[in-house]
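One structure below.
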Amino acid sequence: MKLSQYFVKTSKNVPADETARNAQLLIQAGFIHKEMAGVYAYLPLGLRVIDNIKQIVREEMNAIGGQEVQMTTLQPKDIWEKTDRWDDKKVDNWFKTKLTNGTELGVGLTHEEPIVDAISSYISSYKDLPFSVYQIQSKFRNELRAKSGLLRGREFIMKDMYSLARNQEEHEKLYEQVAEAYHAVYKRLGLGDSTYRTYADGGIFTERFSDEFQTLSDIGEDTIYLDEAKGVAINKEVYTDENLAKLGLNKQDLVEKKAIEVGNIFPLETKYTDALDVYYTDEDGQKQSIIMGCYGIGVSRLMGVIAEHFADDKGLVWPDNVAPAKVYLVRIGASDEVVKQADALYEHLTSNGIDVLYDDRDMRPGEKFADADLLGIPYRIVVSDKTVAADTYELKARTADQAEQISFAEVSKTLGIVA
C-alpha cells in the first residue's frame, strides 16, 4: 500500500467526544471511524487488524475441531419464546425490529436458539455427536451507555462457539479443549502473560461456575482476585469463602487486580436443546438430552484491548502478528536514486510476503516518522540520500530507542526473508 494513494489521513487532534485511549488512538491513526456512540466502522488498516485477530481465533478453533458457520442476524421470535427469552424482562439489552407485515424479529445478540434450530435436522443418533460449531460475525447489544471505545459497544464483532455432547464427561472434555485454545489465542495475540482464566458466576444456565478470561488492566471494569502461582483468578462477584473452598483457593494467596474480560465460556447444560425439543437416541434406543457449552471471544474488543495495552506516548504499538503491516517504509527525498532504491525495496519485501506501508508522500521527514509511530507498525525502514550514499538502510523497531544502519542482506534476515 502506497500512502500517496491512501484516502485516510492521520490526525494530530484527539477526538473531543472520546475519553477511552483505545478509541482516541485508533481514530487519530485512521483505523476506525465513529458512526455514533458505541458503533465504529473499520477503515482499511483497522480491517487488516480485525482480520488478523479473526484468523488467529479461527485457526485455534479449527485446531480443536470447530466447524465454522455463518448464522443470520435476523432471528425469529418463536424459537426465543420456546426458551423463555423473548420477553424484555428476561433479556432487556437487545434490539428488535418488525417486518412490514408486523412480524417481530430479533437482531442478533447471541445465537444459542438459532444454532440449535439449525442443527436439529442433523442430530438423531448418538453417532451424530459430539461436535462444535462457531461463527465470527457482528453482534448487536442495546447498551444503555456505550463507553470505553471498542471495549463496550452497541455493535461489535464476536466469535461465538457452541459445543454439543452426549454426556457430562464428553462435555467437560470439549470445554477444557476450548479453554486451552483460548490460552493459545491470547498467547499469539501477545496477551498471554497478562490474561487469566477466571472463575465467575454460571448465571441462569448452571449451578457450576462459568469461566472468564481476564486481561489485567488499570482501565478494567472487573475486579478479580488472582493467584499468581496457580495462574487462575476468581471474579469479585463470586468471591466468597464457600467458593474459595470449592476451588481450592486460599484468600492469603490472592491479589486484587483490575481486569478486562476478553472471553468467556459457559456450561449451558440442556436448557436450549430440551426447550427446542432436540434430543439424540443412545445405543439402547433411549431418548437422551444433549449437553451444550457456549464460548465467546470479543474480536473487536480484543482490538481495543491490544491498542490500549501496548500503546506508548507516541501512539499504537501492534504485535507482529496483529499489525496491519510489518514494515513502514519511509522515502525521504525525490532523487532518482532514492526513488529507485525505495521502490526496489518495496517490491522485494512485498514479493516475499511482507506487508508494507510505503510512505512515498511529499512530506517532511518528521511528519512521516510521527505517522510511523502513531500507526504502530513493528519496523520502520528509511531510504534517503544518506542511506543510498552509504549503501545501507536505516531500520528501527517500533519499540527500540535508536535506529541502526544495516545492509540489504540484514534487512532481509531481520524480516525473516529466506534467501
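Yes or no: the stretch 236-255 includes at least one residue that is under 30 Å from Y40 (Cβ atoms) and buried (at least 18 other Cβ atoms within 10 Å of the Cβ). Within the stretch 236-255, not a single residue is under 30 Å from Y40 (Cβ atoms) and buried (at least 18 other Cβ atoms within 10 Å of the Cβ). In the stretch 86-97, what count of residues is obtained for those that are in a loop (DSSP other than H, G, I, E, B) and closer than 20 Å to S138 by Cβ? Residues meeting the conditions: 4.
Filter the stretch 98-110 down to residues that are in a loop (DSSP other than H, G, I, E, B) and in contact (Cβ under 8 Å) with a residue 24 or more places away in the chain and give me whichever is nearest to Q75 (Cα to Cα). Only one residue fits best here, namely G108.
Within the stretch 111-136, no residue satisfies the criterion of being in a loop (DSSP other than H, G, I, E, B), over 20 Å from G65 (Cβ atoms) and free of Cβ contacts under 8 Å to residues at least 60 places away in the same chain. Within the stretch 84-122, the set of residues being surrounded by fewer than 17 Cβ atoms within 10 Å (Cβ to Cβ) and polar (S, T, N, Q) comprises N93, T97, T100, N101, T103, S120, S121. Each residue in the stretch 230-282 was checked for being aromatic (F, W, Y) and within 30 Å of the chain's Cα centre (by Cα), and 3 of them qualify.
Going through the stretch 321-350 one residue at a time, which ones are outside any loop (DSSP other than H, G, I, E, B) and more than 20 Å from S4 (Cα to Cα)? None - no residue of the stretch 321-350 is outside any loop (DSSP other than H, G, I, E, B) and more than 20 Å from S4 (Cα to Cα), so the list stays empty.
Residues considered: R331, R361. Of these, the only one that is of a type in the set (D, E, K, R), more than 20 Å from Q55 (Cβ to Cβ) and free of Cβ contacts under 8 Å to residues at least 60 places away in the same chain is R331. Put simply, of A397, A372, A307 the only residue that is in contact (Cβ under 8 Å) with a residue 60 or more places away in the chain and within 28 Å of the chain's Cα centre (by Cα) is A307.
Just to be sure before I move on: is V262 part of a strand (DSSP E or B), of a type in the set (A, V, I, L, M, F, W, C) and surrounded by fewer than 16 Cβ atoms within 10 Å (Cβ to Cβ) in the structure I sent? Considered against the rule, which asks whether it is part of a strand (DSSP E or B), of a type in the set (A, V, I, L, M, F, W, C) and surrounded by fewer than 16 Cβ atoms within 10 Å (Cβ to Cβ), V262 comes out as no. Residue selection: E81 satisfies the criterion of being exposed (fewer than 15 other Cβ atoms within 10 Å of the Cβ) and at negative phi. Take the conditions (1) under 22 Å from V322 (Cβ atoms); (2) surrounded by 12 or more Cβ atoms within 10 Å (Cβ to Cβ); A400 misses just one of them, which is (2).
For the stretch 84-96, the condition holds for at least one residue, the condition being that it is within 25 Å of Y279 (Cα to Cα) and among the acidic types (D, E).
One residue alone among L144, L74 is of a type outside the set (D, E), closer than 19 Å to G38 by Cβ and surrounded by fewer than 19 Cβ atoms within 10 Å (Cβ to Cβ), and that residue is L144.
So for the stretch 310-320 (the condition being in contact with a strand residue (DSSP E or B) (Cβ under 8 Å, 6 or more places away or on another chain) and either surrounded by 15 or more Cβ atoms within 10 Å (Cβ to Cβ) or assigned to a strand (DSSP E or B) (or both)), does at least one residue qualify? No, the conditions are met nowhere in the stretch 310-320. Scanning the stretch 213-245 for residues that are without any contact (Cβ under 8 Å) to a residue 40 or more places away in the chain and part of a strand (DSSP E or B) returns D222, T223, I224, Y225, L226, D227, V232, A233, I234, N235. Taken over the stretch 71-85, residues that are without any contact (Cβ under 8 Å) to a residue 40 or more places away in the chain and either touching a Ser or Thr at 6+ places or on another chain (Cβ under 7 Å) or within 25 Å of G263 (Cα to Cα) (or both) amount to 4.
Comparison of V299, V339 shows that the only residue that is outside the structural domain of Q177 (by TED's automatic domain parsing), at pLDDT 95 or above and out of contact with any Ser or Thr (no Cβ under 6 Å at 6 or more places or on another chain) is V339.
When K159, K139 are checked against the criterion of being crowded, with 18+ Cβ neighbours inside 10 Å, outside any helix (DSSP H, G or I), touching a residue at least 60 places away in the same chain (Cβ under 8 Å) and not aliphatic (A, V, I, L, M), K159 stands alone in meeting it. Every condition in (1) touching a helix residue (DSSP H, G or I) at 6+ places or on another chain (Cβ under 9 Å); (2) modelled with pLDDT of 95 or more; (3) not small (G, A, S) holds for D87 except the one numbered (2).
The residues of the stretch 32-68 that are within 24 Å of T97 (Cβ to Cβ) and surrounded by fewer than 17 Cβ atoms within 10 Å (Cβ to Cβ), listed by number, are K34, E35, M36, A37, V39, A41. Does any residue of the stretch 360-376 turn out to be within 30 Å of S11 (Cβ to Cβ) and either of a type in the set (V, I, T) or part of a strand (DSSP E or B) (or both)? Scanning the stretch 360-376, I find no residue that is within 30 Å of S11 (Cβ to Cβ) and either of a type in the set (V, I, T) or part of a strand (DSSP E or B) (or both), so the answer is no. Scanning the stretch 211-228 for residues that are at pLDDT below 95 and over 23 Å from E308 (Cβ atoms) yields a total of 0.
The values are calculated or read from the model by the stated rules, or taken from the named source; none is laboratory data. Since this is a predicted model, take the numbers as computed values, not measurements. Counting neighbours? That spans all protein chains shown, and the Cβs are built from the backbone with ideal geometry, glycine included.
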